[in-house]
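Presented below is the structure to which this report refers.
The values are calculated or read from the model by the stated rules, or taken from the named source; none is laboratory data. Being a predicted model, the structure only gives us computed values, none of them experimental. Cβ: placed from backbone, ideal geometry, glycine included. Neighbour counts: every protein chain shown.
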Amino acid sequence: MLKGIHHAAIICADYTKSKHFYVNILGLSVIAENYRQARNSYKLDLRLPDGCQVELFSFPSPPARPSFPEARGLRHLAFTVDSVEAFTAYLESHRVDVEPIRVDEFTGRKYTFFQDPDGLPLELYEG
């Protein structure tokens, strides 16, 4: 039986910029950072307060991936927050563009979207 999601893996174009974004702006904790010589690649393991993890990878010249909301494949990565308004204000204070806040028609909870430095769609979901 599946027990939960352990991690989501993200390949970034600019490792330094993405590391700053996920660690210093989003506040994920660094578990481990390793340089893999054979792949000329960094692997940064990050943790959210609930134990879920994000793996951030760098590779030389990774191909761009189209990111359209209704394309097949992974649509977005969603983070739970206590207050969508408060975290939106925090992101905007760090010059991160955030979409207008919406309300989930089925749950009545607030949510919104923003993007990481590579344009990966990220969601804030109040819960």
Between 38, 86, 64, which is over 30 Å from residue 3 (Cβ atoms), in a loop (DSSP other than H, G, I, E, B) and either out of contact with any strand residue (DSSP E or B) (no Cβ under 9 Å at 6 or more places or on another chain) or among the β-branched types (Val, Ile, Thr) (or both)?
64
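Tell me whether region 64-84 contains one or more residues that are touching a Cys at 6+ places or on another chain (Cβ under 8 Å), modelled with pLDDT under 95 and among the hydroxyl-bearing types (Ser, Thr, Tyr).
Here is the first cut: in region 64-84, the residues touching a Cys at 6+ places or on another chain (Cβ under 8 Å) are none.
No, the conditions are met nowhere in region 64-84.
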Do you know which residues across region 41-61 are in contact (Cβ under 8 Å) with a residue 24 or more places away in the chain, in contact with a helix residue (DSSP H, G or I) (Cβ under 9 Å, 6 or more places away or on another chain) and either outside any strand (DSSP E or B) or not hydroxyl-bearing (Ser, Thr, Tyr) (or both)?
44, 46, 54, 56, 57, 59
Restricted to region 106-124, and to residues that are surrounded by 13 or more Cβ atoms within 10 Å (Cβ to Cβ) and of a type in the set (Phe, Trp, Tyr), which residue is farthest from the chain's Cα centre (by Cα)?
111
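Residues are listed down the side, and each one gets a yes or a no for (1) of a type in the set (A, V, I, L, M, F, W, C); (2) within 19 Å of residue 121 (Cβ to Cβ); (3) free of Cβ contacts under 8 Å to residues at least 40 places away in the same chain; (4) outside the structural domain of residue 121 (by TED's automatic domain parsing):
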site	(1), (2), (3), (4)
25	yes, yes, no, yes
31	yes, no, yes, yes
91	yes, yes, no, no
94	no, yes, no, no
104	no, yes, yes, no
107	no, no, yes, no
